[in-house]
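Working notes for the structure below.
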């Protein structure tokens, strides 16, 4: 409850650039930190299944989860949404 899908709207604009850039970015961040989906999901307070759905684009990225991911990885939300290539911009 209370979650919106603002992040999903932004993510769709990434897809129009030819690739599922946002999902790739979320996956790449996890892999670059040598983390499993389960470890990230635990840190975010969600199930591994829900995290997997977000990472693959099956479930929309909510604004709440977007902020949690940005804080967890120490990057900007714009970076996750593919609006910039500067991770701390």
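Just so you know, all these numbers are worked out from the coordinates, no wet-lab data involved. Owing to the predicted nature of the structure, the values given are computational and were not obtained by experimental measurement. No Cβ is skipped: glycine too gets one built from the backbone with ideal geometry, and neighbour counts run over all protein chains shown.
Details
- Of the residues making up segment 54-71, those that are in a helix (DSSP H, G or I) and closer than 14 Å to residue 25 by Cα are 54, 55, 56, 66, 69, 70.
- When residues of segment 72-89 are limited to those that are touching a helix residue (DSSP H, G or I) at 6+ places or on another chain (Cβ under 8 Å) and outside any loop (DSSP other than H, G, I, E, B), the one surrounded by the fewest Cβ atoms within 10 Å (Cβ to Cβ): 72
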